[in-house]
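S.K.: Encoded as structure tokens, here's the structure I'll be asking about.
The values are calculated or read from the model by the stated rules, or taken from the named source; none is laboratory data. These numbers were taken from a predicted model, which means no experiment stands behind them. Using ideal geometry, Cβ is built from the backbone for each residue, glycine included, and neighbour counts are taken over all protein chains shown. Only protein heavy atoms, including side chains, enter the accessible area calculation; ligands, DNA and RNA are left aside. Shrake-Rupley method; radii C 1.70, N 1.55, O 1.52, S 1.80 Å.
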Protein chains: 2
Amino acid sequence: MRKIAESCEMKAGSLYYHFASKDQILTEVLNIGIQKVHAAVARSLSDAPAGATAIDKLKRAISGHLHTLLEYSSFTSANVRIFRQVPDEIQNSNLEVRRAYEALWDGFLQELQDAGELRNDVDPRSLRLMLIGALNATLEWFDPALGNISDLADRYADMLANGALKKGD
Amino acid sequence: MRKIAESCEMKAGSLYYHFASKDQILTEVLNIGIQKVHAAVARSLSDAPAGATAIDKLKRAISGHLHTLLEYSSFTSANVRIFRQVPDEIQNSNLEVRRAYEALWDGFLQELQDAGELRNDVDPRSLRLMLIGALNATLEWFDPALGNISDLADRYADMLANGALKKGD
DNA sequence: GGATATTTCTAACAAACGTTAGGTAGGAGG
DNA sequence: CCTCCTACCTAACGTTTGTTAGAAATATCC
């Protein structure tokens, strides 16, 4: 609390004027991070032109996720790192937010499969878990000041859509 | 320290007979986790028959990583979650271990590319980052008691090698 | 300028923390 | 049986932590 306060140019006691407790700050940080990403991905998908291909849509969703994930990395990386260490009550609150976001992806990927774009033997939930895991890990190594997020998103979408091995194997 | 001691059926003061400090325990936990995974993946690759295909090798490497990652999840999940929160000295020590393991994957993927198995436009380092991110995220949702790790490894290898979208897009 | 509201500070508190050093218990060896 | 070694316990310590309540500072309104 003293370090958080310092970064706000306040003292620890002052934080309690704005927040009821440290746990409330935790709850807000964990939830806001995912909510921001959720909104960005939803917007990316809803902004897609009617004739967008499957990989275009995938690129949009991935791009939306990565841009916001990295823009709000103070929130999102906190979520990824400390979620399992916070009190159950806070985890439960955040699980609700996480589930809402997961449902967005599951719906999107199910749509792709229903449209015949996604391989029949690929389970949308498995793909979503792998995908989000891969995207979130960028928090640990990608530096937006050095790399281009859109390029990163395109590379990831391409590898996930088309695979890393040459076709014909 | 009191909680760690309790799980060892000891008292906190007793831990200092075995370890110099809490930071030493941290260092060991972070390092051992990755070293175990490193050894398993190296063994999986060296055990591959001479005529193994690219995807067979990839499956082996992924399987080695996932089996050990999940077997030693107390160590490996600690690494993934708290690495960024430990003192610089401990991070630096662990970075050396991490880099050694990364070099193994980079070498393996570079071999695949040199052999013409990996797409020319796929950067081995990017693939490795995405791959390890996706694999490590399984710590957060996969329950070895409920799911089969080998099946998981096969699904991940397949999706990463061949992509999730139907070919022809 | 005074009253009120908002925001921050301060000093303090109890609890938790990492660690220490001496003590204790049990086992091994002579 | 005594000595030594290993492993653990204990009580204590200084530090850090989250939080509180009253005071003070600042801003707003009339």
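S.K.: Over the protein assembly as shown, with every protein chain in place, what whole percent of the accessible area is carbon and sulfur at 1.4 Å, could you tell me?
M.R.: Numbers: 8290 of 17130 Å².
Summing carbon and sulfur atoms, their accessible area is 48 percent of the total for the protein assembly as shown.
S.K.: For chain B, what is the relative contact order in percent, using Cα pairs closer than 8 Å and at least 6 residues apart in sequence? If you can, show how the numbers build up before the last one.
M.R.: Numbers: 122 pairs, mean separation 44.2, N = 169.
Reported relative contact order: 26 percent.
S.K.: Quick one: 3J(HN,Hα) in Hz for the range A:78-89, Karplus 6.51/-1.76/1.60 with θ = phi - 60°, rounded, Gly and Pro as x.
M.R.: For the range A:78-89, the Karplus-derived couplings read 4, 4, 4, 7, 10, 3, 6, 9, 8, x, 3, 4 Hz, x marking Gly and Pro.
S.K.: A further question follows. Using protein chains only (no ligands, no nucleic acids) and a 1.4 Å probe, work out which residues of the range B:116-135 have their accessible area cut by at least 50 Å² relative to the chain alone.
M.R.: B:GLU117, B:ARG119, B:SER126, B:LEU129, B:MET130
S.K.: Per 10 Å bin from zero, what fraction in whole % of the C-alpha pairs of the protein assembly as shown is there, up to the bin with the longest pair?
M.R.: 5, 23, 32, 25, 11, 3, 0
S.K.: Here's another thing I want to ask about it. Hey, what angle do you get for helix A:54-71 against the long axis of chain A, alpha-carbon based, 0 to 90 degrees rounded to 10?
M.R.: Helix A:54-71 and the main axis of chain A meet at about 20 degrees.
S.K.: Give me the one-decimal Kirkwood hydrodynamic radius in Å for the range B:79-130, with the sum taken over alpha-carbon pairs. Intermediate results must be reported in sequence, preceding the final value.
M.R.: On the way: mean 1/r = 0.0802 Å⁻¹.
When all Cα pairs of the range B:79-130 are included, the Kirkwood radius is 12.5 Å.
S.K.: Provide Rg and Dmax in Å for the range B:58-98, with only Cα atoms included in the calculation.
M.R.: According to the Cα coordinates of the range B:58-98, Rg and Dmax are 12.1, 35 Å.
S.K.: On the full set of protein chains, 1.4 Å probe, figure out the accessible area of B:TRP141 and give it in Å² to the nearest 10.
M.R.: Rounded to the nearest 10, the figure is 70 Å².
S.K.: Once amide H atoms are placed 1.01 Å from N in the peptide plane, what residues at a sequence separation of 5 or more from B:GLY163, or on another chain, have their amide H within under 5 Å of its amide H?
M.R.: A:GLY163, A:ALA164
S.K.: Consider all pairwise Cα distances in the range B:1-100 and report the whole-number % of them above 24 Å. Can you show the working numbers first?
M.R.: Numbers: 1779 of 4950 pairs.
The share of Cα pairs beyond 24 Å in the range B:1-100 comes to 36 percent.
S.K.: Relative to the longest principal Cα axis of chain A, at what angle does helix A:149-162 sit, 0 to 90 degrees, rounded to 10?
M.R.: Roughly 50 degrees, rounded to the nearest 10.
S.K.: Here is a follow-up. Would you compute, from DSSP H runs of 4+ residues alone, the mean residue ellipticity of chain A at 222 nm, taking -39500 (n - 2.57) per run and dividing by the full residue count, rounded to the nearest 500?
M.R.: Details: 9 runs with 121 residues, N = 169.
Only helices count here, giving -23000 deg cm²/dmol.
S.K.: Also, quick follow-up: Provide, for chain A, the number of lysine pairs with alpha carbons under 27 Å apart, each pair being eight or more places apart or on different chains.
M.R.: So the count of such lysine pairs works out to 11.
S.K.: Follow-up. What quantity of accessible surface, computed with a 1.4 Å probe and excluding non-protein components, is buried in total between chains B and A, in Å² to the nearest 100? Before the final figure, lay out each step's value.
M.R.: Working: alone 10450 and 10420 Å², together 17130 Å².
That pair hides around 3700 Å² of surface in total.
S.K.: Can you list, shortest first and in nm, the gaps between the label point of B:ASN92 and those of its counterparts in the other copies, using a point 7 Å from Cα in the C-beta direction?
M.R.: From this label point to the equivalent ones elsewhere in the assembly: 4.5 nm.
S.K.: Which semi-axis lengths, in whole Å and largest first, follow from the square roots of five times the eigenvalues of the Cα gyration tensor of chain B? Intermediate results must be reported in sequence, preceding the final value.
M.R.: On the way: eigenvalues 234, 59, 39 Å².
Semi-axis lengths for chain B are 34, 17, 14 Å.
S.K.: Same structure, new question: Can you tell me the accessible area per residue over the range B:1-112, all protein chains present, probe 1.4 angstrom, in square angstrom? Before the final figure, lay out the partial values.
M.R.: Details: 6230 Å² over 112 residues.
Here the per-residue accessible area is 56 Å².
S.K.: Debye sum, Cα scatterers, the range B:95-169, no solvent: what log₁₀ I/I(0) at q = 0.12, 0.20, 0.23 1/Å?
M.R.: So the normalised log intensities are -0.42, -1.03, -1.19.
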